[in-house]
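The next block holds one structure in the form of structure tokens; read it before the comments.
The values are calculated or read from the model by the stated rules, or taken from the named source; none is laboratory data. Just so you know, these numbers come straight off a predicted model, no measurement behind them. Methodologically, a virtual Cβ is constructed for each residue, glycine included, from the backbone with ideal geometry; neighbour enumeration extends over all protein chains shown.
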Amino acid sequence: MATIAILGTMDTKGEEHAFVAAQIRARGHQTLVIDVGVLGPATLAPDISRETVAAAAGVDLAGLVARHDRGEAVAAMAAGAPVVLLRLLAEGRIAGVVSLGGGGGTAIATAAMRALPIGFPKLMVTTLASGNTAQYVGVKDILMLPSIVDVAGLNRISRVILTRAAGAICGMVEAVPPPAGDKPVIVASMFGNTTGCVQSARQILEAAGYEVLVFHATGTGGRTMESLIETGLVAGVLDITTTEWADELVGGVLSAGPTRLEAAAKNKIPAIVTPGCLDMVNFLAPESVPGRFTGRLFYRHNPQVTLMRTNVAECTRLGEILAEKLNASGGPVSVLLPKRGISVISQPGQPFHDPAADEALFTAWRRGLRSDIPVRELDCAINDPEFAAACAEELLANLARSAGNSR
């Protein structure tokens, strides 16, 4: 029997949270109700009061209520709820968390859920689940369930959804993951256009005794990988696919933000870095491409994805940025450059083949790097087996170098 936190605005959504709590208890689990409402009296008695949540954010609830500022109230609860949940987790008092909400409730609850570690069961039933949820999920494994109807009373639709939600959070709590094992972890970045390289390199690294976690370089993937590196659980970084920097620079839809490539450098994690897919900027369907790019070279990857070739000026700047990021490295890092293509479609004979743009990228990168960071140029394409092997072997060498320096 586990205890599941029921977190929500118990003034406006008390009836619905009470229904979910009853369903959870009927399945044999306990509940711990946390109230983050501020508009009126709670209709579901909490185990942890709104005063406690506000105090965790350093806010006096009485003053907050007196000001009648809903935005300020949501911000205060969004700051206090993560503190409360982390405290409960550290004390071993909760095994999962579920919440129901509209805009304000979703903002508060997901802020709390984002503070929890990956793997901890988190379920958000929300009116916002069918839209862009990036700002709510962040880089965490929050399950967003559409409420279908508004979270406003119990009816023939909401009872079905909320019953399933209760079953879902109970199932997540009851499912015990297998032991993680004791192999050191390597994280890798991959795109469809670099799959061959990453898959081949992964086999070599796994044969050497490492567990390789692959992240799809779609913006969220890069941010998630950086977040995991920050936790200290990662032994090495196989950063084959740095394409998210092209989107960050040029304005594509798959940017991982301006801190991409900083976590390994800051945390002295051994790494190798290549220019995988820096030949492309990602947009959605063709009509989504901004008008300022009229006349550029495009490739329709699929009906939902349009790729734009980076030009000489953009590649020059990308080389400068990557050099700047790697120059901050406190651990061993190497750069590997595939001279015959940095993606499947930039090889000779392919639509994005542009030797001048590639050379501009390589030259700016080499020129800007610290003199002690090695650069290896290989006369092959990024997905050729010899390039993948070189990446894996260089990372293994950097891992050995780091272990030797720590003795």
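Annotations for the structure displayed:
- Ile118 meets each of the listed conditions (1) modelled with pLDDT under 95; (2) aliphatic (A, V, I, L, M); (3) crowded, with 17+ Cβ neighbours inside 10 Å apart from (3).
- Some residue of region 313-325 being out of contact with any Lys or Arg (no Cβ under 6 Å at 6 or more places or on another chain), among the aliphatic types (A, V, I, L, M) and assigned to a loop (DSSP other than H, G, I, E, B): no
- Qualifying residue in region 31-40 (condition: buried (at least 21 other Cβ atoms within 10 Å of the Cβ) and either farther than 22 Å from Val98 by Cβ or modelled with pLDDT under 95 (or both)): yes
- Helices (runs of 4 or more DSSP H) within region 1-118 that include 1 or more residues in contact with a Cys (Cβ under 8 Å, 6 or more places away or on another chain) and closer than 30 Å to Ala175 by Cα: 14-26
- The listed residue being over 18 Å from Leu32 (Cβ atoms), under 18 Å from the mean Cα position of the chain (by Cα) and surrounded by 18 or more Cβ atoms within 10 Å (Cβ to Cβ), out of Ala107, Ala129, Ala134: Ala107
- Ala271 being aliphatic (A, V, I, L, M), farther than 20 Å from Leu361 by Cα, buried (at least 24 other Cβ atoms within 10 Å of the Cβ) and within 21 Å of the chain's Cα centre (by Cα): no
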